[in-house]
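Working notes for the structure below.
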Amino acid sequence: MLKSLQNIFSIVELRKRILFTLMMLAVYRIGCHVPTPGVNSQVLASFFEGSQGTLLGLVSAFTGGALERMTIFALGIMPYISASIILQLLTVVSEPVRRLSKEGAQGRKVITRWTRYGTVLLSVVQGAGIAVGLQSMRGPAGDPVVSSQGIGFIVLTVITLTAGTAFIMWIGEQITERGVGNGISLIIFAGIIANMPAAIVNSLRLVKTGAMPLFTVVFLLVLMLAAVMFIVFMERAQRRVPIHYAKRVVGMRNMGGQSSHLPLKINMSGVIPPIFASSIIMFPATVANFVDVEWVQALAGMMTPTHWLYNVFFVAFVVFFCYFYTAVTFNPVDVAENVKNQGGYIPGIRPGKATSDYLDTVLSRLTFAGAVYVSAVCVLPSIMISQFNVPFYFGGTALLIVVGVGLDTASQIESHMISRSYEGFMRGVSIKGRRG
């Protein structure tokens, strides 16, 4: 392990990328402790007491506690994810946006600019909803969360939260461009990991006082370890479609006559479906928690990770986004055409349309298995853990994101190492499923 770390930091470019990533994540964590002006943090903290296992606890976990403390990063990165969902949906239903997405770097640049505008718009809407809700909130003793209420507080809060989300978006883009890993995913990863020390301390305190049996702690540790191993196995699993290349003469050389394979991962969409599903469910439900209306509060109470209605919607969104994101990122017609142009074919399958139909059938079956796997990992641990009165939110969604982002980041570091002949990194643990 020490040898691997030494190899990593011996590459100047990789060392700079890793240090830049850590610096940006440190800036993000500092911002998660800068309070929003005009909010009584002590009264707000009492409002969030007992929110573990609820939707507020889930949102707070995704933002690294920023929502619970109502800091300038309280909205987190979710508005950006929601805007990305809208733009990706438009690439399917809108012909102009679809054509724009196929125009290469210039088209992607325009879509990125639209995503930023959409992020700001959604941040304004969510910030206004939270600001209005904060003015109606009271602590256990009847103390108001907002001491100086009025339109001035709403405007100030909207500007603060929108600027905070825009800054997080910029941090994520900078990490992706100049750091290691996907910046947006790493920000969510950092928010989830940041809650772990406090969660461990709370669990030890409950064990010491006898509120949580030692057997429960051991069972949860075993469950977490088994879930991590299962996730790593499924994330690396793939179906290898064999491809043969016919011999052909190019100039004075014989080309082809070789065999290869097309790797199709079971979970081709990665951690995108649970992130997108959580973002969609969080948007209306979070605002509902700050609205003091009886039927809205009843609806918000149903949209908790332990309620069957929440899990039904969550699974439906996960399955939808597994198929949707796979369809966006993998086009069987284009792949079949590329294989045909290179003189390749799948044994027993005719080139052209028959190949694309075959790939589409295989991919649909794999996506169904991947959707079932992601849904089970995200839902079942949350239901089981909720029965043991765990003092922190730890569900399959957070676990899948942490493991998935960790694998992706490690894969990128490994690629940097291999490209510079440092194949000793993670010796014997080559992430073939991710690299494929």
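Laboratory data are not the source of any read-out in this text; all were calculated from the coordinates shown. Quick caveat, the model's predicted, so the values are computed rather than measured. Reconstructed Cβ throughout: ideal geometry from the backbone, glycine too, with neighbour counts over all protein chains shown.
Some notes on this structure:
- Estimated from the Cβ-Cβ distance and a Förster radius of 41 angstrom, the FRET efficiency linking Ser259 and Phe320 is about 0.65.
- For Lys265, distant residues with modelled amide H under 5 Å away: Arg239
- With a threshold of 28 Å on the Cα-Cα distance, the over-threshold entries among Lys16/Lys265; Lys265/Lys340; Lys265/Lys353; Lys16/Lys102 are Lys16/Lys265; Lys16/Lys102.
- Extended-chain gain in nm, criterion 0.36 nm per residue less alpha-carbon gap, Val328 and Ile159: 57.4 nm
- Between Val312 and Ala354, the simple label model (points 7 Å from Cα in the Cβ direction) yields a spacing of 4.5 nm.
- Mean Cβ count within 10 Å, highest first, over the residues of peptides 162-173, 107-118: 162-173, 107-118
- FRET efficiency, 1/(1 + (r/R0)^6) with R0 60 Å, evaluated for Glu337 and Arg138 via beta carbons: 0.45
- Compared with the direct C-alpha span, the chain from Asn7 to Ala198 gains 65.5 nm at full extension, assuming 0.36 nm per residue.
- Amide hydrogen neighbours beyond the local backbone of Val180, cut-off 5 Å, H modeled: Thr21
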